[in-house]
Amino acid sequence: MRRPKALALAVLLALPPAARSLAQSAAEVQEMPALQELMAAALNEFSGAQQSRSIVQWDELVTRLEALRRQAPLSPRAKDLLVQAYEYRARAYYGTGLQDKAAENFRALIQLQPQHALSKERVSPKVVDFFNNLKKDLVGFLAVQSKPAGAKVSLNGEFLSLTDFFPLEVLAGSYQVEITREGYKTETRDVTIAPKVTETLEVDLMRTLARFAFVTEPAGVEIWMDGELRGTTSGTLAPDQHEAARAAGLEPTRASARFELPNVTLGAHQLEFRRKCYETVKRGLEVPEPADFDAPPVKLQDSVGSLQLSSDPPGALIFLDGEAMGQTPRELERVCSGKHRLEVKHASGKFVQDLTIARNESLSLDCPIRPSLAFLGVVAASAAGERLVKEAEERLVPDLAKIKTLNFLTVPRELLDRLLESERVSLKGLIPGPGNEPDTIRRVTEKLAAALEVQGFLIALLPEERLQRTAQLHLLAAGNTVSDPTSVTFSESASYLRFLSAVDQKATAYRPWSGLITVDTLLHDGVPVLRIVPGSPAAAAGVKVGEVLYAADGQPVKRTADLLRAIETKKPGDRLALQLRAGAAPRALELQLGVTPQEVPLNDPALLYNKVMIDLRQQVDGYPGTETAAFARFNLGICAMHFGDFAAAHEHFLKAKVELPNRPGLSQGSAAYYLGVALERLGYKREAAEAYKTASAYKEATLFNNDGPAVAPLAERRAGGGS
Amino acid sequence: MKCAPRALAAAALLLAPTAWPQSSPEQQAKSLLDDGRGYYAKGQYKQALDNFNTIVSGFPNTESVDDAMLEIGRYQAEVEGDIEKARGSFESVAKRFPQSDSAPGAYYHLGLITLDKARSGAELDDALAQFTRVQRLYSKSDWVPRALSAIGLVHRKAGRLADAVETQRRVTLEYPTSDAAALAQYEVGHCLALLGDARGAMEAFQQLRNAHPQSEWAARALERITALYRLSEGTRPFFSHDTGWSIGSGDVLKDVDAILMTPQRTLWIASNKVKAAVPFDKDAKMGPSLGAEDLRSLSLTPKGELIVASRLAARFGKDIKSFSVPTNKPGEQEPLERITAALVLPGGDVLVSDLKRKRVHRFSPRWEYKGPFPDAKEREIVRMAQDGEGGIALLDADEKSVRVFDENGKPLRAIATKGAGYELKKPADIAFDASRNLYLADEETGVMLFAPDGRLLAALPADEVKKPRALTLEPAGALLVYDEKTQKVLRFK
């Protein structure tokens, strides 16, 4: 059996919230559980062998409820308890033979609730008769009819019933009867009810407000009157109204059911009919009299535009206002006019933009996907630095938000704490360094990246120092175990510029290429051609070894640097005009620049390798199966070597070797060579020698770029055990 | 006038600020170290040494003391030339501060000392071990690329040129922005040139110029490319008389026994007419001369100082030294009175050729006699030259041949009296270019160019030089020949 308190609580909780809160005073709320419990105990006692023993409990219940009643009107529930308490106390007294006391209680009950009746099933007929006889002397009857019916009848401000109703028991006495109905003038009557007498009131109510009926096409249209929402049309039009709707220019199958808007005051009003993706219709309304009206049907014109979305890389998921809309490239038709939030998400990053579409506008948008960088916060290396964490964060974030090539976002602290707690790691534990496990960092950053949909992280560490004015920014690509630390000084924007410039530097895996190898000498005015890479643009253009190049695009070439500069300003596919001399005979040629892939330098202090890795991963994820992705993966291997992670490097080169083309220049053989380097550094000498041997078979493969040193001789040496 | 107290305090505040950042010993020591390194770079060695010594004695517990000790070792090795003292300093750093940033530097320098003196395979292996230690124990240190490049130098010295190329390539590929990268790239080119791959060498030198245009090696690379291009491109090495060029006049060009071009493009002319070695700068402007009787030959020490050999003595920079060798009688010394040439070897030993005893004599850096070179056989050596790779060429006027030996006296190669396309009748002078090609002036048969394997590569037309008595090379490979007949220095570019 449940404990009474729990039962009471269950009862309390079972009541709908509106009922619970109806006219409940704070004191009543506080007392109610105890009262419920007392009621249960009293009922229990009442049901027992000696009913009279329950009187003490009924006394307490009545006393407490009457005390509450004196403070404030009781809620229906509390009133019900009091009524029950009086009834049971009366019955208990009756049972003990104290009829006066019983009558006293019954009278109090009737005064409290004149319509109360004792249950003939549960209560003995004698008691029922006793009660009814008492009642007869106390109550009369009141019947109220109104035109129209359905009006609310209140006696002295207390609701009685809705018209039209049969005579209801009312405590004898004088009352002010109020009959109210929305849209009608309130009527009041004074009436005196005598015991056993029925008083009847018939009231004609005077209408004061109008009612309008609307039909809209389509349904689901909001009706705003004078700036206030009054309702929304819905449903479908009844068949008998189709013809009328058609005649009014509506398509009946699209029209709404009749919507009635009651209680419209007389006079002028402004109406607006609104629905998303439709043009708002505005109408003025003049209400001359309180009557029912049928408003002219309202047809809304759709207000949509279209959105053509493409992304780089393609295949990104489109979310418009949080709703999935497919993948890029895609044309979205019937996009509602107005403001929208567009998110285009890819494994390698995302594009986010708020946009506005006008009616019938066709908007084309290129959505360049950018990796996202989450700023995880500031940690202090020592307790002394804790006091500066908040200030540091306030100063750092606005400057860091200037990063252009990444989506920069801050992470809500509660979310971050929750995520870190679930992995049992602190924020400081994510900063690579002594005492922090690389495997933990790798695992947690990968999980964080998936949860936050980001590709990298930034954590600021306040180092142990006296002045406490610097922060060390640790940039960490998801899944990497070594960060790129950069020191910045809070108050010096110059120190941020360096960092921002390094972060915004995009890793390029390609550059324009000619295949023309020239040398500087003191013997020539110009640069002699030393070598032409087979299959290169220079070879295709017919440049010959031994010719002296003296101008490119009309600019003098005195040194090879001049030629390289001329090429660097161009893009692959551009043309370069060359002036050459063979002996005394000059000649002019045009060369169409090709493209050469480029290795990321293995140890360049100017590069933030974690940022380079983020960019490269974007290429791998964004262009799977392409040469771009293959070279990006190759360069990820180089980055892994930079961090000394030869196991990861091995994995990358193994994949790159399969994915890269087999052709002259930076290619499969290059990956084979570096695979050997990685195996060698991992201590697998035999496997390394095998890899070098494989690499040495790629006679035309190079390192660094298409013009770089040949792989074969280097690999042969290393296969033979060269150091 | 008394200042109000508030103004005094303000004045004190204005005077004080720079004092605060210098207050800690650590910062003071760091400041001294940085300044000392700056002095060293500018060649102000005494001031530099003072700074380093102050750190060691005055700030012994700071983090800069190991760096200072390392710098002192460098000074001892590079400036004082006291290798043993330097070794002691480096060993002390390695022993006392094994975990510091300077420890790998100490091992690196110890390796360099060993490499410098190494003459045997075992000594080269010792040097290799020092450099490899840096790589293995301090893999993240800034010294690693330098150590790796030094390993390349070990390979080169051991004659393992292909290994040297591969090692230096690794430095350029794996550490492209380190301060060892430019030298490493130069070494790639140099080793390829020594291997006979002229095109590969030129390309490597050009890559150096492309990647490190501001480095000191870029200018040298240009000279190397020019020299190589001249010799290798086209069907044969090409020299044409630069008729627009001339230098000196009058007695300076009379009775010239030797000419020498320094890397700084100063041309020294040893004229017995004016009894002096006379310098001309790159603008052909004459400088202060060095007087001497019976001038015989000119050469350079490994540090680039001029050696003027005359009959009775040799001048090494500012020092003039005469030489004596033991006679058959114990304790007795005999002066060398017919000196023809003098050389300083990379290890510091000195070779002096003498026509009276018909031998080349070897002396230690402290002038202690070490014996004949390469052996006790009699030879009339009138000229000596070094090929830059440990080879020492001896021009025998009697045998009319050139023989090349290593520092230990082991014969390496030779140019015989007669060969395909040439004959030596009265050889007078020899010089090597950076690729070990040998230029020979023969007063009767003219000027010839020989490849390292002894093949004749080219000869100047006989009518261009009547009686070549002496020759030298410009850094970019142009040839200067003293024609005794016309008493002119001729230039061939």
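Before we move on, is residue B:334 under 24 Å from residue B:396 (Cα atoms), in the same structural domain as residue B:265 (by TED's automatic domain parsing) and without any contact (Cβ under 8 Å) to a residue 24 or more places away in the chain? It would help to see each step written out before you state the result.
Numbers: under 24 Å from residue B:396 (Cα atoms): yes; in the same structural domain as residue B:265 (by TED's automatic domain parsing): yes; without any contact (Cβ under 8 Å) to a residue 24 or more places away in the chain: yes.
It is true that residue B:334 is under 24 Å from residue B:396 (Cα atoms), in the same structural domain as residue B:265 (by TED's automatic domain parsing) and without any contact (Cβ under 8 Å) to a residue 24 or more places away in the chain.
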In this structure, is residue B:224 surrounded by fewer than 24 Cβ atoms within 10 Å (Cβ to Cβ) and either farther than 19 Å from residue B:162 by Cα or not assigned by TED's automatic domain parsing to the domain that holds residue B:460 (or both)? no
With criteria (1) more than 13 Å from every other protein chain (Cβ to nearest Cβ); (2) not in a loop (DSSP other than H, G, I, E, B), residue A:563 comes up short on (1)
Every listed condition ((1) aliphatic (A, V, I, L, M); (2) under 25 Å from residue A:664 (Cα atoms); (3) within 14 Å of chain B (Cβ to nearest Cβ)) holds for residue A:607 save (2)
Residue selected from the stretch B:458-476 under the condition touching a residue at least 60 places away in the same chain (Cβ under 8 Å) and out of contact with any Asp or Glu (no Cβ under 6 Å at 6 or more places or on another chain), by the criterion nearest to the other protein chains (Cβ to nearest Cβ): B:474
Restricting to the stretch A:579-612, what's the tally of residues that are within 22 Å of residue A:564 (Cβ to Cβ), free of Cβ contacts under 8 Å to residues at least 60 places away in the same chain and buried (at least 16 other Cβ atoms within 10 Å of the Cβ)? 6
Let me spell it out: the conditions are (1) under 30 Å from residue B:233 (Cβ atoms); (2) outside any loop (DSSP other than H, G, I, E, B), and residue B:384 meets all of them except one. Which number is the exception? (1)
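Which ones in the stretch B:250-298 are hydroxyl-bearing (Ser, Thr, Tyr) and either outside the structural domain of residue B:350 (by TED's automatic domain parsing) or in contact (Cβ under 8 Å) with a residue 24 or more places away in the chain (or both)?
Pass one, the stretch B:250-298, residues hydroxyl-bearing (Ser, Thr, Tyr): B:262, B:266, B:271, B:289, B:297.
Residues satisfying the conditions are B:262, B:271, B:297.
Is the stretch B:477-490 home to any residue that is in contact (Cβ under 8 Å) with a residue 24 or more places away in the chain, more than 14 Å from chain A (Cβ to nearest Cβ), part of a loop (DSSP other than H, G, I, E, B) and among the basic types (Lys, Arg)? Even if it seems obvious, please write down each step before you answer.
Residues of the stretch B:477-490 in contact (Cβ under 8 Å) with a residue 24 or more places away in the chain: B:477-482, B:484, B:487-490.
Narrowing the set further to residues that are more than 14 Å from chain A (Cβ to nearest Cβ) leaves B:480-482, B:484, B:487-490.
Keeping just the survivors that are part of a loop (DSSP other than H, G, I, E, B) gives B:484, B:487.
Imposing the further condition that a residue be among the basic types (Lys, Arg) reduces the set to none.
Within the stretch B:477-490, none of the residues are in contact (Cβ under 8 Å) with a residue 24 or more places away in the chain, more than 14 Å from chain A (Cβ to nearest Cβ), part of a loop (DSSP other than H, G, I, E, B) and among the basic types (Lys, Arg).
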Among all residue pairs at least 6 apart or on different chains, which show Cβ distances below 7 Å where the first residue, located in the stretch B:66-82, is more than 22 Å from residue B:302 (Cα to Cα) and the second is surrounded by 22 or more Cβ atoms within 10 Å (Cβ to Cβ) and among the β-branched types (Val, Ile, Thr)? B:66/B:93; B:68/B:55; B:69/B:93; B:70/B:93
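Quick one: would you say residue A:228 is closer than 30 Å to residue A:279 by Cα, of a type in the set (Asp, Glu) and surrounded by 19 or more Cβ atoms within 10 Å (Cβ to Cβ)? Full working, then the answer.
Details: closer than 30 Å to residue A:279 by Cα: yes; of a type in the set (Asp, Glu): yes; surrounded by 19 or more Cβ atoms within 10 Å (Cβ to Cβ): no.
It is false that residue A:228 is closer than 30 Å to residue A:279 by Cα, of a type in the set (Asp, Glu) and surrounded by 19 or more Cβ atoms within 10 Å (Cβ to Cβ).
For the stretch A:291-382, which strands (runs of 3 or more DSSP E) that fit wholly inside it have 1 or more residues that are crowded, with 20+ Cβ neighbours inside 10 Å and aromatic (Phe, Trp, Tyr)? Can you show your working first?
Working: elements: A:292-294, A:304-312, A:317-320, A:323-327, A:330-336, A:338-346, A:349-357, A:362-368, A:372-380.
Filter on the stretch A:291-382 gives A:349-357, A:372-380.
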For the stretch B:185-199, state whether one or more residues are more than 11 Å from chain A (Cβ to nearest Cβ), touching a strand residue (DSSP E or B) at 6+ places or on another chain (Cβ under 7 Å) and under 19 Å from residue B:435 (Cβ atoms). no
Given the residues A:638, A:614, which is the only one that is within 40 Å of the chain's Cα centre (by Cα), within 14 Å of chain B (Cβ to nearest Cβ) and assigned to a helix (DSSP H, G or I)? A:638
Selection from the stretch A:487-496 of residues that are surrounded by 20 or more Cβ atoms within 10 Å (Cβ to Cβ) and either within 14 Å of chain B (Cβ to nearest Cβ) or among the hydroxyl-bearing types (Ser, Thr, Tyr) (or both): A:496
Among (1) more than 14 Å from chain B (Cβ to nearest Cβ); (2) assigned to a helix (DSSP H, G or I); (3) more than 29 Å from residue A:636 (Cβ to Cβ), which single condition is residue A:550 missing? (2)
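Which members of the stretch A:586-609 meet the condition of being outside any loop (DSSP other than H, G, I, E, B) and either out of contact with any Phe, Trp or Tyr (no Cβ under 9 Å at 6 or more places or on another chain) or hydrophobic (A, V, I, L, M, F, W, C) (or both)? Let's see the steps before the verdict.
Our first condition is that a residue be outside any loop (DSSP other than H, G, I, E, B); within the stretch A:586-609, this holds for A:586-592, A:594-598, A:609.
Scanning the stretch A:586-609 gives A:587, A:588, A:589, A:590, A:591, A:592, A:595.
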If I filter the stretch A:497-532 down to residues being hydroxyl-bearing (Ser, Thr, Tyr) and surrounded by 21 or more Cβ atoms within 10 Å (Cβ to Cβ), which single residue comes out as nearest to residue B:220 (Cα to Cα)? A:521
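Has the stretch B:168-182 got at least one residue that is in contact with a Phe, Trp or Tyr (Cβ under 8 Å, 6 or more places away or on another chain), of a type outside the set (D, E, K, R), modelled with pLDDT under 90 and within 21 Å of residue A:702 (Cα to Cα)? Before the answer, list the steps.
Restricting attention to the stretch B:168-182, the residues satisfying the condition of being in contact with a Phe, Trp or Tyr (Cβ under 8 Å, 6 or more places away or on another chain) are B:173, B:181-182.
Adding the requirement that they be of a type outside the set (D, E, K, R) leaves B:173, B:181-182.
Now restrict to residues that are modelled with pLDDT under 90: B:173.
Add one more test, that the residue is within 21 Å of residue A:702 (Cα to Cα), and what stays is B:173.
Looking through the stretch B:168-182, at least one residue is in contact with a Phe, Trp or Tyr (Cβ under 8 Å, 6 or more places away or on another chain), of a type outside the set (D, E, K, R), modelled with pLDDT under 90 and within 21 Å of residue A:702 (Cα to Cα).
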Members of the stretch A:642-687 that are of a type outside the set (D, E, K, R), part of a loop (DSSP other than H, G, I, E, B) and more than 23 Å from residue A:594 (Cβ to Cβ): A:643, A:644, A:683, A:684
Would you please name the residue that is farthest from residue A:385 (Cα to Cα), looking only at residues in the stretch A:428-437 that are within 32 Å of the chain's Cα centre (by Cα) and not hydrophobic (A, V, I, L, M, F, W, C)? A:432
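Could you say which residue among B:145, B:176 is in a loop (DSSP other than H, G, I, E, B), within 13 Å of chain A (Cβ to nearest Cβ) and either within 26 Å of residue B:201 (Cβ to Cβ) or touching a Leu at 6+ places or on another chain (Cβ under 7 Å) (or both)?
Working: B:145 fails: in a loop (DSSP other than H, G, I, E, B).
The unique qualifying residue is B:176.
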What about residue A:581, is it out of contact with any Ser or Thr (no Cβ under 8 Å at 6 or more places or on another chain), away from chain B (no Cβ under 14 Å), part of a strand (DSSP E or B) and farther than 30 Å from residue B:135 by Cα? yes
Restricting to the stretch A:497-526, what's the tally of residues that are β-branched (Val, Ile, Thr) and more than 9 Å from chain B (Cβ to nearest Cβ)? 2
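The values are calculated or read from the model by the stated rules, or taken from the named source; none is laboratory data. Being a predicted model, the structure only gives us computed values, none of them experimental. Glycine also receives a Cβ, built like all others from the backbone with ideal geometry; neighbour counts cover every protein chain displayed.
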